[in-house]
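The values are calculated or read from the model by the stated rules, or taken from the named source; none is laboratory data. A quick note: this is a predicted structure, and the numbers were derived from the prediction, not measured. Using ideal geometry, Cβ is built from the backbone for each residue, glycine included, and neighbour counts are taken over all protein chains shown.
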Amino acid sequence: MDLQSALLMLLALGAGAVVKGATGMGLPLVALPVLTAVFGLQHAVGLMTIPLIVTNAWQVWRFRAEAETPRMAFMPWFLVGGALGIMLGTWALTSLPERLLVLGLGVILLAYVGLRLVTPHWSLNLAMAKRFGPLAGLGGGTLQGATGISAPIGVTFIHAMGLERAAHVYAVSAMFLLFSVVQLPALFVAGVMQPLWLLQGLLALVPILVFMPIGQWASGKLSRKAFDRMILVFLGVIGVKMVLGL
């Protein structure tokens, strides 16, 4: 890895870690598009697996009390659907042209930004969440397996339930953790994962663990609305770049 690539990797992971520290999510959404532009999609997905497992395992443990709340009743089948989707998405990662997947990821990012701007207050009740949870999990898992990012489907679904912050962080962290744990062996079986990428993933934990506390500090200085808008602007720019192939 040359110095320029290493610096871009550091900046992408640092920015993603700041967002995750402030909001409890956002590491792959922010870091992976940049890493994809530098290393290619398969490399970026493989590199991010270990950081996602470690950071989300910590958040699941931190907010574990939320697992007993009634609004988490949708989670088991949501996660089952996600595990099946990972397998389908990993096949797409190895079988479909990278440009098509990157274009699809860019379109999904822009759709996610548009949805957040148009319907910021829409709420999904528990009955609907239990009914559509397996389909949302399948979609999120497929997206995770194919592009390394499940948030445009998975996080949007969970966010629509209007959960309190602790419950929201627990739910999205449990989703990311399961998706990453299933994705790791799937990448090996598919012949995608390389040992060097695992080593890079372990090294990536250093800037992530350094910058996450900065995000936690920053979240107390900015309103959630202002910070959320900043994230959406960044994602919109990255989405346009990926769609246009710049």
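Given (1) surrounded by fewer than 19 Cβ atoms within 10 Å (Cβ to Cβ); (2) at pLDDT below 85; (3) within 20 Å of TYR170 (Cα to Cα); (4) out of contact with any Phe, Trp or Tyr (no Cβ under 8 Å at 6 or more places or on another chain), identify the lone condition not met by VAL80.
Unmet for VAL80, out of (1) surrounded by fewer than 19 Cβ atoms within 10 Å (Cβ to Cβ); (2) at pLDDT below 85; (3) within 20 Å of TYR170 (Cα to Cα); (4) out of contact with any Phe, Trp or Tyr (no Cβ under 8 Å at 6 or more places or on another chain): (2).
Being among the β-branched types (Val, Ile, Thr) and within 14 Å of VAL182 (Cα to Cα): is that true of ILE86 here?
yes
Which condition breaks for MET175 when tested against (1) under 22 Å from GLY40 (Cβ atoms); (2) crowded, with 23+ Cβ neighbours inside 10 Å; (3) of a type in the set (A, V, I, L, M)?
Unmet condition: (1).
Would you check which residues across segment 180-224 are among the basic types (Lys, Arg) and within 20 Å of the chain's Cα centre (by Cα) and list them?
ARG224, the sole residue that qualifies.
Any idea which of ALA73, ALA146, ALA151 is at pLDDT 75 or above and surrounded by 24 or more Cβ atoms within 10 Å (Cβ to Cβ)? First the steps, then the outcome.
Details: ALA73 fails: surrounded by 24 or more Cβ atoms within 10 Å (Cβ to Cβ); ALA151 fails: at pLDDT 75 or above.
Checking each option against the conditions leaves just ALA146.
Out of ALA83, ALA111, ALA44, report the one residue that is farther than 15 Å from ILE153 by Cα and out of contact with any strand residue (DSSP E or B) (no Cβ under 9 Å at 6 or more places or on another chain).
Numbers: ALA83 fails: farther than 15 Å from ILE153 by Cα; ALA111 fails: farther than 15 Å from ILE153 by Cα.
It is ALA44.
Go through segment 148-171 and give me each residue that's within 19 Å of GLY89 (Cα to Cα) and assigned to a helix (DSSP H, G or I).
Scanning segment 148-171 gives GLY154, VAL155, THR156, PHE157.
Hey, among LEU205, LEU103, LEU187, which residue is more than 23 Å from ILE53 (Cα to Cα), of a type outside the set (Phe, Trp, Tyr), in contact with a helix residue (DSSP H, G or I) (Cβ under 8 Å, 6 or more places away or on another chain) and surrounded by fewer than 24 Cβ atoms within 10 Å (Cβ to Cβ)? Don't jump to the end; show me each part of the working.
Numbers: LEU205 fails: more than 23 Å from ILE53 (Cα to Cα); LEU187 fails: more than 23 Å from ILE53 (Cα to Cα).
Answer to the selection: LEU103.
Is it true that LEU109 is within 18 Å of the chain's Cα centre (by Cα) and either under 24 Å from ILE208 (Cα atoms) or not basic (Lys, Arg) (or both)?
The answer is yes for LEU109.
Under 7 Å by Cβ, and 6 or more places apart or on different chains, what pairs join a residue from segment 163-191 that is under 16 Å from LEU84 (Cα atoms) with one that is of a type in the set (A, V, I, L, M) and not in a helix (DSSP H, G or I)?
LEU187/MET193
Could you count how many residues in segment 4-32 are within 11 Å of the chain's Cα centre (by Cα) and not basic (Lys, Arg)?
Residues meeting the conditions: 10.
Surrounded by fewer than 24 Cβ atoms within 10 Å (Cβ to Cβ) and either closer than 17 Å to GLY239 by Cβ or small (Gly, Ala, Ser) (or both): is that true of GLY46 in this structure?
Working: surrounded by fewer than 24 Cβ atoms within 10 Å (Cβ to Cβ): no; either closer than 17 Å to GLY239 by Cβ or small (Gly, Ala, Ser) (or both): yes.
When the stated conditions are applied, GLY46 does not pass them.
Could you tell me which numbered condition TRP58 fails, if it satisfies all but one of (1) touching a helix residue (DSSP H, G or I) at 6+ places or on another chain (Cβ under 8 Å); (2) farther than 30 Å from SER95 by Cα; (3) surrounded by fewer than 17 Cβ atoms within 10 Å (Cβ to Cβ)?
Failing condition for TRP58: (1).
Only one of GLY89, GLY133 is under 15 Å from the mean Cα position of the chain (by Cα) and either buried (at least 21 other Cβ atoms within 10 Å of the Cβ) or within 15 Å of VAL172 (Cβ to Cβ) (or both). Can you tell me which? Break it down into steps so the answer makes sense when it comes.
Numbers: GLY133 fails: under 15 Å from the mean Cα position of the chain (by Cα).
Being under 15 Å from the mean Cα position of the chain (by Cα) and either buried (at least 21 other Cβ atoms within 10 Å of the Cβ) or within 15 Å of VAL172 (Cβ to Cβ) (or both) holds for just one of GLY89, GLY133, which is GLY89.
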